[in-house]
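Have a look at the structure below before the remarks.
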Amino acid sequence: MNYRDTTNSNCLTTKIPTTWIFTALTFFIFAVNSALFATEPSLENLDVRTLVSRMTPLKGTTPAQWRVVWTGDATSEATISWTTAEAGKKHVVYYGTKSGGRSGKPALSQQCQSNGLYSIIQPNASKNGAGKGSEQTTKNDVPNLIAPAYYHHARITQLEPNTRYYFVLESDGQRSREFYFRTAPSEGTDFTLIHGGDSRSGHADRSRMNLRIAQQAKSNPKVLAFAHGGDYIVSGTKWEQWRLWLSQHELTTLEDGRVLPIIPTKGNHDAGKIYFEVFDLEENDERWHTTMLGKDVAMVTLDTNSPGGGPQADWLDAELSRLRPKVRWLLVQYHRPMYPAVKGPATQASIFCPLFDKYNVDLALESDGHCMKRTVPIRNGKKDSLGLVYVGEGGLGVGQRKTDSGRWYLQDGGKAGSAHHVIRLDFDSDDLRVRFILMDGSTWDDHTIEARNL
Ligand SMILES: [Fe+2]
């Protein structure tokens, strides 16, 4: 088999051989660590080689591309996932509330409940001449096959709320370093979320934005998780693109091993099976879900690739009806905007928006437009001081678009712009502070939403 070795490369370095990556690792690792973590880095100028050197090569059964996924009760459950280059036989996560120390492992363990080969589509052999008769086939005709890669998901439950959990990944005896994450508090709002969307292209900037997310978490221990608004990659059926995204996602991990659980949303570019394989979701019935961040904050994730009516509308109506009387903050996230700053509105708008109004949703997080926007508060399609503010549109590396700031909901209190960004959500019992943080750490917008008097 002739595998194309593009492990951990990106669009700017697609043909970089493995030896280059290891050389880069050797030369840059110390400089990178000090550059990234000693002081606030200048991310715009951080070069691609340096970024690549931070990622774990996919090799053998070495655990790489780790992530923690939250799609249910974030106080007591999590899915811990990783990737290996070889299938391996035994995949275990060791976890616990006490660190295993430098060479040990935490006390509890969970064998992965789900393992499998990512849905990889190999290049068409005939295009490269491999379909010709052997006498016509030359060395150059042999197609470069994409190396296989395997997902592993350990679903851990019965966790304690508001507790740091250490974990170590192990595949056939190959162990990762120790990581940790914090579960959501059972009640209260003393935490921060990071939201962002559209990491699908602009790989160097995507990596820089991942470092920005890590910096946000480093400078604020209250950052609990990272909600991704979708469009992780350009072509959702191409494993080679997901491979890069997953390796680059490692950059959101802090130097001390802190991992921000990801709350995933499906974008229009995330077609195919791999999205579900990456985030351990059922393709048929987990396209939308609610993540409970304790009893006071709910994040309802919707799918703008599925019809707004029918099962999704029925579920959304019932879910918002169930949640609204219970939670202090009721948020929704989905990919395509209902009140866009660039394109036309999502087809689901006529169904979703009345339900958002009916149940007094507090904030809507949108992506897809490749820009920044905050609308005026909107209810029943009009500006209304008791209405819902829609923010977002995605800037995790993708090229930014020019906005149509003349739209009524972006004027007279609303705003729009274009820059790479994340949205920082600081929860409190009385208000929710919503800030757009740019790649350089500066703030584009700082807006506070008061809790509803329901
Ligand atoms: Fe999109």
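The values are calculated or read from the model by the stated rules, or taken from the named source; none is laboratory data. Everything numeric here is computed off the predicted structure, so don't read it as measured data. Neighbour counts run over all protein chains shown; Cβ positions are idealised from the backbone, glycine included.
List of remarks:
- Selection from the range 229-252 of residues that are in contact with a His (Cβ under 8 Å, 6 or more places away or on another chain) and within 16 Å of the ligand (Cβ to nearest atom): Gly229, Gly230, Asp231, Tyr232, Ile233, Val234, Ser235, Gly236
- All positions within the range 398-454 that are of a type in the set (Lys, Arg) and over 19 Å from Val327 (Cβ atoms): Arg401, Lys402, Arg407, Lys415, Arg424, Arg435
- Listed by position, the strands (runs of 3 or more DSSP E) inside the range 140-248 whose residues that are among the aromatic types (Phe, Trp, Tyr) number at least 3 are 164-171, 179-182.
- Residues in the range 425-454 that are part of a strand (DSSP E or B) and acidic (Asp, Glu): Asp426, Asp431, Asp445, Asp446, Glu450.
- Residues of the range 210-229 satisfying the condition of being surrounded by fewer than 20 Cβ atoms within 10 Å (Cβ to Cβ) and closer than 18 Å to Thr163 by Cα: Lys218, Asn220, Pro221, Lys222
- Gly406 vs. criteria surrounded by 14 or more Cβ atoms within 10 Å (Cβ to Cβ), in a loop (DSSP other than H, G, I, E, B) and in the same structural domain as Leu224 (by TED's automatic domain parsing): no
- Failed criterion for Phe356 (all others in (1) assigned to a strand (DSSP E or B); (2) away from the ligand (no atom under 16 Å from the Cβ); (3) of a type in the set (Phe, Trp, Tyr) hold): (1)
- Yes/no for Lys105 being modelled with pLDDT under 95 and either closer than 14 Å to Gly173 by Cα or not assigned by TED's automatic domain parsing to the domain that holds Thr157 (or both): yes
- Test: residue in the range 391-403 that is under 28 Å from Lys358 (Cα atoms) and not in a loop (DSSP other than H, G, I, E, B): yes
- Output for the range 178-228, where each listed residue is modelled with pLDDT under 95, within 16 Å of the ligand (Cβ to nearest atom) and in contact with an Asp or Glu (Cβ under 7 Å, 6 or more places away or on another chain): Arg200
- When Pro307, Pro325, Pro337 are checked against the criterion of being part of a loop (DSSP other than H, G, I, E, B), more than 14 Å from the chain's Cα centre (by Cα), within 16 Å of the ligand (Cβ to nearest atom) and not assigned by TED's automatic domain parsing to the domain that holds Pro148, Pro337 stands alone in meeting it.
- Residue satisfying all of: in the range 46-103; among the charged types (D, E, K, R) and outside any loop (DSSP other than H, G, I, E, B); surrounded by the most Cβ atoms within 10 Å (Cβ to Cβ) among these: Arg67
- The set of residues in the range 370-390 that are under 17 Å from Pro345 (Cα atoms) and either within 16 Å of the ligand (Cβ to nearest atom) or part of a loop (DSSP other than H, G, I, E, B) (or both) comprises His370, Cys371, Met372, Lys373, Thr375, Val376, Pro377, Asn380, Gly381, Tyr390.
- Sole residue being of a type outside the set (S, T, N, Q), surrounded by fewer than 20 Cβ atoms within 10 Å (Cβ to Cβ) and touching a residue at least 40 places away in the same chain (Cβ under 8 Å), chosen from Asp440, Asp384: Asp440
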